[in-house]
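Engineer: Starting off with a structure, shown below.
The values are calculated or read from the model by the stated rules, or taken from the named source; none is laboratory data. Note that the structure is predicted; figures quoted are calculated from it, not measured. Ideal geometry is used to build each Cβ from the backbone, glycine not excepted, and the neighbour counts take in all protein chains shown. Protein only, heavy atoms only, side chains kept; ligands, DNA and RNA dropped before computing areas. Shrake-Rupley method; radii C 1.70, N 1.55, O 1.52, S 1.80 Å.
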Amino acid sequence: MASAPKGCGPSMSSIYYNLCDLTTVWGVVVESIAAAGVVTSFVLFVVLMASLPFVTDKKRKAMVALQAGILIFTLGLFGLTFAFIVGRYSTSCAARRFLFGVLFSGCLACLLMHGLWLALLERRGRGPRSWMLCLGALGLWLVEVIINTEWLVITVIRSPVGGVIVPDLSCSIANQDFVLSLIYVMILLLAVVLIPVPSLTHKRKQWHRDGAFILATGIFTLAIWVAWIVMYIHGNRVAGNPSWDDPTLAVAVVSNAWVFLFLYTIPEICFLTQEDPDQEQPHDGDHVYPARSLVYDNILKEPEAPHHNLYLENKAFSMDEPATAPTKPVSPYGAYNGQVRSCVYQPTEIALIAKGLKKLDQDMMIPRARAPSLNPGSSSSLPRSAESSPS
């Protein structure tokens with residue numbers, strides 16, 4: 001039995017040597033970066049959920065579900081990195097073949113729906129609802145799930161031709177076959193690069209910026225995919241190091257996951273609580289309050305008038321208003337006559353209310369309408385014949 005490498009315990013299985021072997025630097029480095037990515041993704045997910053009550057822009061709030069989906073799939077990519085670090089066996093190889101395309105298609109589907117929303121917003125002035133975007137991303141993701149499931153069943157679970165049992169059949173898949181199984185993911189990646197281009201000319205700066213984030217993420221992802229595919233199919237064979245296939249895929253997965261975080265998720269979370277420019281405060285010349293009534297405006301325009309008559313005047317009738325006598329200040333102790341409170345009659349509250357209403361009726365005089373006199377010089381409305389007639 002071979003001795004354990006430096007940094008690994010003697011009881012550890014050989015398939016986990018890359019996680020602790022200090023002589024194999026790539027395993028320890030990639031493991032540390034992936035672990036940091038797991039923690040960062042979880043923290044960003046918590047921050048995203050905690051920022052929801054402070055989001056004032058309804059359009060940005062509709063994108064939170066897609067951003068949460070990208071964080072979940074990115075967290076899965078960081079976890080998948082460990083499957084490429086450990087040695088090959090049936091379970092790890094099956095997880096590599098199935099989860100690689102499934103997790104990448106989930107991230108790209110969310111990015112694609114966000115880019116489509118920006119394109120429709122630029123064309124129609126409004127984008128689809130949040131649940132429609134989520135259903136679209138879910139549909140695009142389920143296509144890759146079905147493709148990978150069928151591919152895994154055909155290549156691994158079915159019996160080999162001739163009845164010969166091949167151990168670890170999931171690990172004996174050719175590199176070209178693995179790349180060909182990801183054609184649908186490559187189509188999604190190409191769509192992510194192309195669809196945010198129209199939004200770069202958006203009249204709103206914030207949506208122009210979102211389109212730039214998606215485009216940058218798509219371009220960097222495309223560059224990473226071209227690099228790892230070339231090395232995985234051809235480069236490692238030319239260099240004479242076919243054992244670099246697993247490190248190539250591990251580095252590609254962890255670097256692409258960090259691209260999703262740095263170029264899309266973190267900037268989107270930073271601008272999540274930005275105010276909606278469509279709901280800006282009106283300018284000084286705009287009327288914020290409703291128009292006031294004509295009578296109220298007249299009162300404000302003539303403050304120097306001693307008396308304002310708010311009643312409409314009619315030429316056929318006139319109003320007899322009682323003369324208002326000047327009011328004198330009354331002391332609140334004027335009714336006190338020095339007698340003991342128990343000796344004085346104390347009316348009940350109902351009696352006081354009734355007395356107050358009676359006094360109010362006496363003070364108030366209802367104006368009476370009368371016909372104007374035919375003779376302007378006369379002070380009485382009765383004709384002169386009536387005045388001169390004998391009683």
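Engineer: Just checking, how many residues over region 163-183 are surrounded by fewer than 17 Cβ atoms within 10 Å (Cβ to Cβ) and modelled with pLDDT of 90 or more?
Structural biologist: Summing the residues that are surrounded by fewer than 17 Cβ atoms within 10 Å (Cβ to Cβ) and modelled with pLDDT of 90 or more in region 163-183 gives 4.
Engineer: Would you check if Leu80 is open to solvent by less than 60 Å² (accessible area, probe 1.4 Å), without any contact (Cβ under 8 Å) to a residue 40 or more places away in the chain, of a type outside the set (S, T, N, Q) and in contact with a Lys or Arg (Cβ under 8 Å, 6 or more places away or on another chain)?
Structural biologist: Taking the combined requirement at face value, the residue does not satisfy it.
Engineer: Within the bounds of region 64-76, is there any residue that is under 24 Å from Cys171 (Cβ atoms), in contact with a Pro (Cβ under 6 Å, 6 or more places away or on another chain) and surrounded by 15 or more Cβ atoms within 10 Å (Cβ to Cβ)?
Structural biologist: no
Engineer: Here is a follow-up. Could you tell me how many of the residues in region 87-109 are at pLDDT 90 or above and of a type in the set (Val, Ile, Thr)?
Structural biologist: Going through region 87-109 one residue at a time, the tally reaches 1.
Engineer: Related question: Out of (1) surrounded by 13 or more Cβ atoms within 10 Å (Cβ to Cβ); (2) in a helix (DSSP H, G or I), what's the single condition that is false for Met12?
Structural biologist: In the conditions (1) surrounded by 13 or more Cβ atoms within 10 Å (Cβ to Cβ); (2) in a helix (DSSP H, G or I), Met12 misses (2) alone.
Engineer: If only one of Leu249, Leu261, Leu222 is surrounded by fewer than 18 Cβ atoms within 10 Å (Cβ to Cβ) and under 41 Å from the mean Cα position of the chain (by Cα), which one is it?
Structural biologist: Leu222
Engineer: Within the group Leu189, Leu215, which residue is in contact with a Ser or Thr (Cβ under 9 Å, 6 or more places away or on another chain), in contact (Cβ under 8 Å) with a residue 12 or more places away in the chain and open to solvent by 10 Å² or more (accessible area, probe 1.4 Å)?
Structural biologist: Leu215
Engineer: Moving to a separate point now. Run Ala137 past the list (1) closer than 30 Å to Arg209 by Cβ; (2) surrounded by fewer than 22 Cβ atoms within 10 Å (Cβ to Cβ) and report the number of the one that doesn't hold.
Structural biologist: (2)
Engineer: Which residue out of Thr91, Thr74 is touching a helix residue (DSSP H, G or I) at 6+ places or on another chain (Cβ under 6 Å), of a type in the set (S, T, N, Q) and assigned to a helix (DSSP H, G or I)?
Structural biologist: Thr74
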